[in-house]
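Participant: Input: one structure, supplied below.
What follows draws every value from the coordinates through simple rules; no lab data is involved. These numbers come from a predicted model, not from an experiment. Note: ideal-geometry Cβ built from the backbone for every residue, glycine included; neighbour counts use all protein chains shown.
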Amino acid sequence: MAIATLLIANRGEIAVRIVRAARELGIRTVQAHSAADADSLAVQLADAAIEIGPAPASKSYLDIGAILAAAREAGADAIHPGYGFLAENAAFAAAVEEAGIVFVGPSAATIRRMGDKVAAREAAMEAGVPVVPGSRGRLESVEAARGILAETGYPVLIKAAAGGGGRGIRIAHDEHEFDRLFHQAGAEAKAAFGDGGLYVEKAIPRARHVEVQLLGDGERVVHCFERECSLQRRRQKVWEEAPAIGLDPAVREQLCAAAVRLAEAVRYRGAGTVEFLYDEDGGDFFFIEMNTRIQVEHPVTECVTGIDLIAEMLAIAGGAPLSLRQEQIALSGHAIEVRINAEDPANGFMPFPGLVSDLRVPGGPGVRFDSLLYPGYAIPPFYDSLLGKLIVWAEDRPRALARLSRALGELRIEGVKTTAPLHLALAADPEVRAARYHTRWLEGWLETNATKLGSEEEGAG
């Protein structure tokens, strides 16, 4: 049965994106919001809005009871969790299902299995998908890791079994460092996710981060090709591209086939992403995790395939079978997305909430700006600093880079500092233009260049 009323249990630019996709499908939208987001763009655009609690996310966007109460009040037959907050929370998905409401995403069982990175590694190995050498299961102590470390050698990554966002991860270069960092990573993971479970993986120097976008209906899965996400700061993506740069067609085929194989093995439903590390020197790729939700960077895939991923999610959640066959999905051109955050890149990326006194959005062919902004909007200090994403498409990567530079030059966000100067500098950097970078490249670049990133005009984005 097609969705009639959709509750959006998220905020910011992804909430705006979901409202727009739902409206085009004739779905009534109800925006769940905190007190701090009462004047947000998503609230203004939705058909209705319900306040679910005060500003702190723990008392609003993370309050399962409040969200379900809002869904009942709205008469919603479905809930879209967006990304972050409760999007990959199996308990939330189960509660939605138990309430007789459609969860726009995979089943609670799938989220539970793939959200635990150790269980996801096991699923990948069972599906014949290569994984980074490391521990087979959770490690309860330093002593339990000794035999594995003898096989992998150093350096190794100590990683949290639960959660994401780069938390609960440490890199150890020797035994002494491993002993110390193992306990640190466990404590951080416990504080962040309520689960201190850890596992280890061999660190791959100069690896690239390549991920495959998937759509499934629980029976059949297709891929929408891959994205390049190697420009990262503290394991957080800041710039994404589609397709991945310089990927051999045979490797692309193997990578996408492996992702589909894994998703089919877990009977995946909805939009999801399988993330890999790609060793460019050896030509090998390794599974690292699966994201059981829509991702921030989904627009670059939409640009190069012409597929509205949010619309597909809503159709599948409404009971429709997958509308696409693999042979219908083709790549066209090149797309780049940069994340515009309310942060000062010249001052250690200090958060910079404030009043947006004026806004000029870039336009022209192949330019898209997904954001939560409007002139006069007061950016609340309680949440993630992402303001929006500037996305460009062109026939090839050089022209996409030129278009990105032009669009960034047009973008004006008055009243706050943003990361736009960082992206302007990166777009002009010879190494970025030649795609000579890896997942650790940006942090080294920032050590040399961060102080040069201040805006010429105070308060300009």
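Participant: Positive end of the charge dipole of segment 5-104 (Lys, Arg +1 and Asp, Glu -1 on Cβ, about the Cα centre): tell me which of Gly84, Ala66, Ala99 has its Cα farthest that way.
Facilitator: Toward the positive end, the furthest listed residue is Gly84.
Participant: Same structure, new question: Taking the Cα centre of each part, how many Å lie between segment 373-427 and segment 262-318?
Facilitator: When both Cα centres are located, 24 Å separates them.
Participant: Same structure again: Measuring from centroid to centroid over Cα atoms, what is the spacing of segment 177-197 and segment 1-39 in Å?
Facilitator: Each part reduced to its Cα centre gives a spacing of 36 Å.
Participant: Over segment 208-452, calculate the relative contact order: mean separation of alpha carbon pairs under 8 Å at least 6 apart, over the residue count, as a percent.
Facilitator: With pairs under 8 Å counted, the relative contact order is 21 percent.
Participant: Go through Leu215, Met1, Ala119 and say which Cα lies farthest out towards the positive end of the charge dipole of the chain; charges sit on Cβ, +1 for Lys and Arg, -1 for Asp and Glu.
Facilitator: Final value for the positive-end residue is Met1.
Participant: For the chain, what is the relative contact order in percent, using Cα pairs closer than 8 Å and at least 6 residues apart in sequence? Intermediate results must be reported in sequence, preceding the final value.
Facilitator: Details: 1038 pairs, mean separation 65.0, N = 461.
14 percent.
Participant: So if I place +1 on the C-beta of Lys and Arg and -1 on the C-beta of Asp and Glu, and nothing else carries charge, what would the dipole magnitude of the chain be about its Cα centre? I want it in debye, nearest 20. Walk me through the numbers on the way to the answer.
Facilitator: Working: 48 positive and 63 negative charges, 25 e Å.
That gives a dipole near 120 debye.
Participant: Net charge within 14 Å of Gln184 by Cβ-Cβ distance, Lys/Arg positive one each and Asp/Glu negative one each, not counting Gln184 itself? Before the final figure, lay out the partial values.
Facilitator: Working: positive: Lys159, Arg167, Arg170, Arg180, Lys190; negative: Glu177, Asp179, Glu188.
Spelling it out: positives minus negatives among the neighbours equals +2.
Participant: Place +1 on the Cβ of every Lys and Arg and -1 on the Cβ of every Asp and Glu in segment 203-325, take the dipole about the Cα centre, and give the residue among Gln254, Met290, Tyr278 whose Cα lies farthest towards its positive end.
Facilitator: With unit charges placed on the Cβ atoms, the residue in question is Met290.
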